[in-house]
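These notes are about the structure you will find just below.
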Amino acid sequence: MRRFRFPVLLVALFGVMVVTAGINQFVAPAPILALPVGIGLAVAGLTCYHWLCRTVELRPSISELDRTGRRSQLRRGTLLGAGLFTVVMVLIAVFGGWQSLSFGSFGGFLGTAGMMASVAVAEELLFRGVVFRIMEEHVGTVIALAVSTLLFGATHLVNANATLWGALAIALTGGAMTTAAYVVTRSLWLPIGLHFAWNFTHTGIFGVMLSGSDAPVHGLLNVTLSGPSVLTGGAFGPEASLLTLLVCLAPTIFLLRRAARTGQIRPRPTRTSA
């Protein structure tokens, strides 16, 4: 079974991501359900990952989900993700990209928290926990980072308002940054916190479109953006803004440089001939 671990884990965790998205879409109109259901889906996803790693990979312990430092890494990731997206929105406002601002829904704010928790967990388990982790063992950190982040961006091409630039931008920002967070810590907790806070601040607080999705946004605020796509991200949303790329570039480089200094960048394994 272990020799087939990559396709088995890939299919299983992709299924978890699809099911999570479907259930979230179903409960989204009812915030009182969306919050607990989203949290439940996140817990179920983590439980499924643990079981698969032990059953398929025959690993006695799952180091990337070690409980040591879990709270501090989730907290730091949450602060970083929320802070970065807030900076993006402030910069868009400074350059005249806010057309209007109104209050939204507190219920939507709470429901979005649950949904974004489950989305962050499902996507990080798949792309960082399976795709990047296993690829890195065979091709090294650099190639695994490039391939896994491009795949992460490509999955967003199925969204209703997706654009090629938007998919590439989310790969270069969210994909690369969360992978760098995993590399420097060798833990999924920091990227999960970062991913959750980025998405939640996006939709749950500012109420703007997420990754080209056409799903209704229910946030604490309703911010309408207007202006050139290079500023606002156009139909894809702020993640396709040039400002987002610039804002996310700094922490990504910082994390990767720190990973290199601490010996976390792994070279491509050398293959010896028989």
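The values are calculated or read from the model by the stated rules, or taken from the named source; none is laboratory data. Here the structure is a predicted model, which is why all the values come from computation and not from measurement. With ideal geometry, Cβ positions are generated from the backbone for all residues, glycine too; neighbour counts draw on all protein chains shown.
Table: residues versus (1) under 19 Å from GLN73 (Cβ atoms); (2) surrounded by 24 or more Cβ atoms within 10 Å (Cβ to Cβ).
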{"residue": "VAL158", "(1), (2)": "no, no"}
{"residue": "LEU172", "(1), (2)": "no, no"}
{"residue": "MET177", "(1), (2)": "yes, yes"}
{"residue": "VAL184", "(1), (2)": "yes, no"}
{"residue": "SER187", "(1), (2)": "yes, no"}
{"residue": "HIS195", "(1), (2)": "yes, yes"}
Legend entry - Test result for LEU65, in contact with a strand residue (DSSP E or B) (Cβ under 6 Å, 6 or more places away or on another chain), more than 16 Å from GLY174 (Cα to Cα) and either surrounded by fewer than 23 Cβ atoms within 10 Å (Cβ to Cβ) or not hydroxyl-bearing (Ser, Thr, Tyr) (or both): no
Inset, instruction - Check TRP165 against each of (1) part of a helix (DSSP H, G or I); (2) under 12 Å from the mean Cα position of the chain (by Cα) and name the one condition it does not meet. - result: (2)
Legend entry - segment 25-48 residues that are in a helix (DSSP H, G or I) and of a type in the set (S, T, N, Q), paired with ones that are crowded, with 20+ Cβ neighbours inside 10 Å and modelled with pLDDT of 95 or more (beta carbon under 6 Å, 6 or more apart): none
Inset, instruction - Would you list the helices (runs of 4 or more DSSP H) that sit entirely within segment 183-261 and hold 3 or more residues that are of a type in the set (A, V, I, L, M, F, W, C) and under 19 Å from LEU168 (Cβ atoms)? - result: 242-261
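Output yes when any residue across segment 19-42 is loosely packed, with under 14 Cβ neighbours inside 10 Å and farther than 18 Å from THR112 by Cβ, and no when none is.
Checking segment 19-42: not a single residue is loosely packed, with under 14 Cβ neighbours inside 10 Å and farther than 18 Å from THR112 by Cβ.
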Inset, instruction - Say whether the condition of being more than 20 Å from the chain's Cα centre (by Cα) and free of Cβ contacts under 8 Å to residues at least 12 places away in the same chain is met by at least one residue in segment 243-256. - result: no
Inset, instruction - Give the residue, chosen from PHE103, PHE95, that is surrounded by fewer than 16 Cβ atoms within 10 Å (Cβ to Cβ), out of contact with any helix residue (DSSP H, G or I) (no Cβ under 6 Å at 6 or more places or on another chain) and more than 18 Å from PHE196 (Cα to Cα). - result: PHE103
Inset, instruction - List the number of the failed condition for VAL142; all other conditions in (1) of a type in the set (A, V, I, L, M, F, W, C); (2) surrounded by 15 or more Cβ atoms within 10 Å (Cβ to Cβ); (3) in contact (Cβ under 8 Å) with a residue 24 or more places away in the chain; (4) assigned to a helix (DSSP H, G or I) hold. - result: (2)
Inset, instruction - Determine, yes or no, whether LEU84 is closer than 24 Å to PHE206 by Cα, assigned to a helix (DSSP H, G or I), in contact (Cβ under 8 Å) with a residue 24 or more places away in the chain and aliphatic (A, V, I, L, M). - result: yes
Inset, instruction - Sort through LEU150, LEU168, LEU210 and tell me the only one that's free of Cβ contacts under 8 Å to residues at least 40 places away in the same chain and touching a His at 6+ places or on another chain (Cβ under 7 Å). - result: LEU210
Legend entry - Pair list, Cβ under 6 Å, 6 or more apart: segment 53-71 residue at positive phi, other residue in a helix (DSSP H, G or I): LEU58/ARG2
